[in-house]
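Since the structure comes first, as structure tokens, the remarks are kept for the end.
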Amino acid sequence: MAVPTQVKLDARRLRADFPIFGEQIHSKPLAYLDSASSAQKPRQVLDAMREFYETSYANVHRGVYTLAVRSDERYEAARETARGFVNASSPREIIFTRGATEGLNLVAYAWGLANLGPGDVVLVTELDHHSNFVPWQFIAQRTGAAFRVLPIDDAGELQLDALDEMSASGTVKVVACNFVSNTLGTINPVERLAGWAHDQGAILVVDAAQAAPHVVVDVQALGCDFLALSSHKLCGPTGAGVLWGRRELLEAMPPFNLGGSMIRSVSAAKTTWNELPYKFEAGTPAIGEVVGMAEAMSYISAAGLDAIARHEHELLEHALDRLSEVPGITLYGPSPERRAGIVSFNLDGIHPHDVAQVLDWEGVAVRAGHHCTQPLMTKLGVAATTRASFYVYSIPEEVDRLVAGLHKVKRSLG
Ligand code: PMP
């Protein structure tokens with residue numbers, strides 16, 4: 001019997017799909033190591049959006065004319081693609097948003113304001129992005145619920161043995177965490193958190209902004225209750241995203257944004273809400289962007305999420321190996337098998353912004369800053385890090401150029 005072989009990602013072939021790599025930066029080829037901030041866009045996504053606008057664009061859910069129906073069909077086909085992408089059981093559970101931030105705010109406001117009060121506990125983690133941390137902190141303050149933060153250990157992994165102590169101060173109603181940390185790359189044990197949250201009678205809200213581009217996201221296997229992602233991180237356009245929620249929770253929740261499309265009937269005496277998912281899609285949505293997002297989901301699914309994860313893992317090992325040669329470097333984050341393709345580091349005595357500036361002169365794009373994770377920076381005892389992150393189009397030469405650039409940084413600023 002033939003042994004199934006794992007399909008290897010052909011990053012060089014995929015890279016040719018991304019027109020941006022034709023650009024020269026300071027007369028050098030672009031080494032793009034900032035995909036954790038936003039991914040570049042393949043021609044297939046750009047073409048799909050152009051073709052949609054040129055042949056099928058009209059507003060959705062309003063018109064009966066041919067073009068309007070065509071636009072509706074494309075928009076709802078995108079919902080089906082998104083349903084398949086996260087393995088939701090129904091397209092009614094797929095809410096199109098402007099991105100992960102909007103999806104997480106939607107849950108915090110619509111579910112949180114209706115369900116939280118004094119005596120309740122809202123639990124987030126030290127690894128969370130501000131977009132999952134701050135809305136829950138704010139809604140906890142508004143409702144009188146306690147706000148607790150699950151700490152991480154020195155390797156950058158959640159301290160799950162502290163969970164029970166977190167529940168001592170009240171009834172845990174919400175656990176909110178990211179699936180993959182955008183700063184350290186840590187892959188969090190979402191299934192275990194879901195089990196613990198449900199034992200407390202709490203819901204689990206997953207920020208999958210950094211996970212969805214890189215690992216298979218299966219909401220049914222994860223056992224979570226809400227999950228948010230952004231299109232722009234997975235090679236799609238900006239301004240679109242998905243919030244998945246369990247149908248019974250979405251049905252019971254009041255709306256978040258109010259206006260056109262989300263109503264069933266409106267009168268001065270009473271307004272009633274549209275059915276799912278439209279109850280949560282007020283106003284004209286980002287139609288062309290949603291079409292582009294669906295194309296991006298198809299693109300990365302065709303490349304294979306498992307193959308993407310293995311490719312990034314190889315680059316990560318290469319990067320950790322090569323970066324450890326750089327004198328005075330501090331590398332943050334767990335062991336390679338516990339994380340996605342992200343490396344955060346600091347060089348002794350050199351500010352990350354200066355590191356990123358010198359690297360830019362070499363055509364190497366990295367992110368410097370707190371990465372919207374200030375509580376994590378506090379834990380690490382730094383104000384900022386430099387972060388390199390990989391994706392489908394990343395190649396080992398880019399890592400080598402990063403390392404060569406860091407030697408130059410040391411020579412000029414060290
Ligand atoms: N969560 C994580 C883990 C992220 O990396 C990001 C984007 N940096 C967000 C949430 C917010 O996503 P967006 O800006 O697309 O709303």
Q) Which of (1) without any contact (Cβ under 8 Å) to a residue 24 or more places away in the chain; (2) open to solvent by 50 Å² or more (accessible area, probe 1.4 Å); (3) out of contact with any Lys or Arg (no Cβ under 9 Å at 6 or more places or on another chain) does Gln44 not meet, given it meets every other one? A) (1)
Q: Could you tell me whether the stretch 149-158 includes any residue that is under 30 Å from Glu289 (Cβ atoms) and among the acidic types (Asp, Glu)?
A: no
Q) Would a scan of the stretch 306-313 turn up a residue that is touching a strand residue (DSSP E or B) at 6+ places or on another chain (Cβ under 9 Å) and charged (D, E, K, R)? A) yes
(Q) Anything in the stretch 343-401 that is β-branched (Val, Ile, Thr) and either under 25 Å from His129 (Cα atoms) or assigned to a strand (DSSP E or B) (or both)? List them, or say none. (A) Val343, Ile350, Val355, Val364, Val366, Thr373, Thr378, Val382, Thr385, Thr386, Val392
Q) When you scan the stretch 346-405, how many residues do you find that are within 16 Å of the ligand (Cβ to nearest atom), among the β-branched types (Val, Ile, Thr) and open to solvent by 10 Å² or more (accessible area, probe 1.4 Å)? A) 1
Q | Search result, residues across the stretch 159-185 that are out of contact with any helix residue (DSSP H, G or I) (no Cβ under 8 Å at 6 or more places or on another chain), outside any helix (DSSP H, G or I) and touching a residue at least 24 places away in the same chain (Cβ under 8 Å) | A | Gly170, Val180, Asn182
Q) Any idea how many residues of the stretch 1-14 are assigned to a loop (DSSP other than H, G, I, E, B), of a type outside the set (D, E, K, R) and modelled with pLDDT of 95 or more? A) 1
Q. Leu158: within 14 Å of Val206 (Cβ to Cβ) and open to solvent by 10 Å² or more (accessible area, probe 1.4 Å), yes or no?
A. yes
Q: Would you please name the residue that is nearest to Leu258 (Cα to Cα), looking only at residues in the stretch 92-131 that are more than 9 Å from the ligand (Cβ to nearest atom) and among the small types (Gly, Ala, Ser)?
A: Ala110
**Q.** Yes/no for Gly239 being touching a residue at least 12 places away in the same chain (Cβ under 8 Å), within 16 Å of the ligand (Cβ to nearest atom) and over 26 Å from Pro375 (Cα atoms)
**A.** yes
**Q.** helices (runs of 4 or more DSSP H) completely within the stretch 242-332 that count 1 or more residues being open to solvent by 40 Å² or more (accessible area, probe 1.4 Å), closer than 25 Å to Asp400 by Cβ and not acidic (Asp, Glu)
**A.** 305-323
Q.
Can you pull out every residue in the stretch 211-231 that is part of a loop (DSSP other than H, G, I, E, B), more than 15 Å from Gly112 (Cα to Cα) and either away from the ligand (no atom under 13 Å from the Cβ) or touching a helix residue (DSSP H, G or I) at 6+ places or on another chain (Cβ under 7 Å) (or both)?
A. Ala212, Pro213, His214, Val215, Val216, Val217, Asp218, Gly223, Cys224, Ser231
Q: From the list Val149, Val134, pick out the single residue that is of a type in the set (A, V, I, L, M), assigned to a helix (DSSP H, G or I), surrounded by fewer than 24 Cβ atoms within 10 Å (Cβ to Cβ) and within 16 Å of the ligand (Cβ to nearest atom).
A: Val134
Q) So, in the stretch 170-192, of the ones that are closer than 30 Å to His311 by Cβ and away from the ligand (no atom under 15 Å from the Cβ), which residue ends up least open to solvent (accessible area, probe 1.4 Å)? A) Pro189
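The values are calculated or read from the model by the stated rules, or taken from the named source; none is laboratory data. These numbers were taken from a predicted model, which means no experiment stands behind them. Don't worry about glycine lacking a Cβ; one is built from the backbone with ideal geometry, like all the others, and counts go over all protein chains shown. In case anyone asks, the SASA skips ligands and DNA or RNA and just uses the protein heavy atoms, side chains included. Shrake-Rupley method; radii C 1.70, N 1.55, O 1.52, S 1.80 Å.
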